[in-house]
Structures are given as structure tokens and as C-alpha cells.
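The values are calculated or read from the model by the stated rules, or taken from the named source; none is laboratory data. For clarity, every value in this text was computed on a predicted model and none was experimentally measured. All Cβ positions, glycine included, derive from the backbone under ideal geometry; neighbour counts span all protein chains shown.
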Amino acid sequence: MARYTGPKVKKSRAFGEQVFGPSRAFEKKKYPPGQHGLSRKRKQKSDYALQLMEKQKAKYTYGVLERQFRNTFEKASRKGGVTGEVLLQMLESRLDNVVFRLGLARTRRQARQLVTHRHITVNGRLSNIPSQVLKPGDVVGVKGKSKELDAVTDSVAGSRAEVKRHSWLEFNPDKLEGVFLSNPTRDQIPEKINEQLIVELYSK
């Protein structure tokens with residue numbers, strides 16, 4: 001499936017956040033892209049523009065294309081509960097996102113690559129579908145020989161403290177295996193996304 005392959009830092013600067021992960025280039029230029037940088041006077045954005053930007057930010061953050069994002073929203077709207085929160089829960093429960101949250105990959109893009117290249121297992125079975133939605137109790141791991149990949153070992157070594165902050169996940173660094181315990185509540189999701197603006201956009 002096609003993915004965004006354009007300039008990542010430029011997109012992050014447009015949103016004012018590092019939606020593709022930590023970047024030194026972003027830290028050097030924390031202002032919107034454009035020829036005149038901060039000196040250019042920018043008009044106040046309309047409600048629609050703010051809603052659209054929030055939806056785009058969520059799409060790029062989780063690496064989902066337009067049609068897939070819209071389908072996820074429609075599924076969330078049919079479920080019980082607050083639609084915006086359910087939407088984020090569904091995005092968080094994607095296999096590629098869980099691989100990233102467990103610390104098996106440094107970015108969601110790298111996590112997606114591990115899944116598509118058949119390095120990841122779900123409940124002991126290989127899965128190459130990044131969009132697979134996990135259920136509470138599902139076990140995510142790295143298959144045998146893939147446990148020696150530098151990308152995996154380096155990522156785990158550098159993200160052990162980060163995993164402890166995600167209380168909806170349980171990770172065993174010795175087995176390179178984690179359990180998706182439950183869907184996270186909104187206050188447990190660290191992404192700075194105003195999901196209500198997304199709901200308003202799609203409700204028009």
C-alpha cells in the first residue's frame with residue numbers, strides 16, 4: 001500500500017510537532033516552512049482549516065492514508081462511547097503502532113517495515129498486516145532469527161524507560177515479547193491530537 005514519502009521535517013514544521021518522531025532538523029527550525037519563515041504574517045485560520053489540520057496531523061502521526069483513516073472513523077462512530085476517543089483507541093491498537101509503543105522499533109515507519117517483512121508474530125503466528133487491530137490479551141513478539149536484528153536490539157536498548165509509561169502494555173525485554181493488555185484511555189495516549197476537531201470535520 002502506498003505511504004507518504006515526501007519531506008518529513010517539512011510536514012512536522014507545518015504541524016508544529018514531530019509527527020514522524022524525534023528530529024534534530026526540526027529542533028533547529030521550530031517554525032512553519034516557507035521562504036520568509038517567522039517574518040511572514042499569517043492569517044488566522046478558519047474553523048475548517050483547524051479541523052482539517054488536526055485530521056492531517058493524526059493521519060501522518062499514525063501513518064494512515066485518507067481512505068483508511070475515513071474507514072477507521074466510520075467504524076469508531078458506530079461503536080459505543082465517545083467517537084473521538086474510540087478513534088484514537090483504534091489507531092493505537094494497530095499492530096504497527098503497538099510494535100512501536102513496545103519499543104521494538106524507533107518509529108512507526110520502522111515498525112511497519114518490521115511487520116511487512118514478516119519479523120513480527122501475533123499470538124505465535126506471523127503477521128504481515130500493519131493495520132491488524134489487536135484485542136486485549138494478544139501477544140506481540142519477534143520471530144526467532146529476527147530477534148538478532150540490529151534495528152530491534154538497538155531500539156529495545158534505547159526505549160526501556162519509555163515502555164514503562166504505557167500502562168496498557170506489558171513488555172518482556174528478555175523474550176522480546178509484549179502483551180496488549182487493554183485499549184488505552186484518552187489520558188494514557190500521549191499524542192497531542194484534538195480528536196474533537198476531527199469529529200466536527202467529519203460531521204459536516
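General remarks:
- Among the residues examined, residue 174 does not qualify as at pLDDT 95 or above and not aromatic (Phe, Trp, Tyr).
- Verdict on residue 86 being in the same structural domain as residue 141 (by TED's automatic domain parsing), in a helix (DSSP H, G or I) and at pLDDT 65 or above: no
- Options 72, 83, 121, 116: the member that is more than 11 Å from the chain's Cα centre (by Cα), free of Cβ contacts under 8 Å to residues at least 60 places away in the same chain and under 23 Å from residue 192 (Cβ atoms): 72
- As a summary of the residue check, residue 166 satisfies the conditions (1) in the same structural domain as residue 81 (by TED's automatic domain parsing); (2) at pLDDT below 95 except for the one numbered (1).
- Residue under evaluation residue 129, criteria (1) more than 18 Å from the chain's Cα centre (by Cα); (2) not in a helix (DSSP H, G or I), criterion not met: (1)
- Filtering the stretch 95-112 for residues that are of a type in the set (Phe, Trp, Tyr), touching a residue at least 24 places away in the same chain (Cβ under 8 Å) and not in a loop (DSSP other than H, G, I, E, B) leaves an empty set.
- Residue 192 meets the conditions (1) in a helix (DSSP H, G or I); (2) closer than 30 Å to residue 52 by Cβ in every case but one. The failed one is (1).
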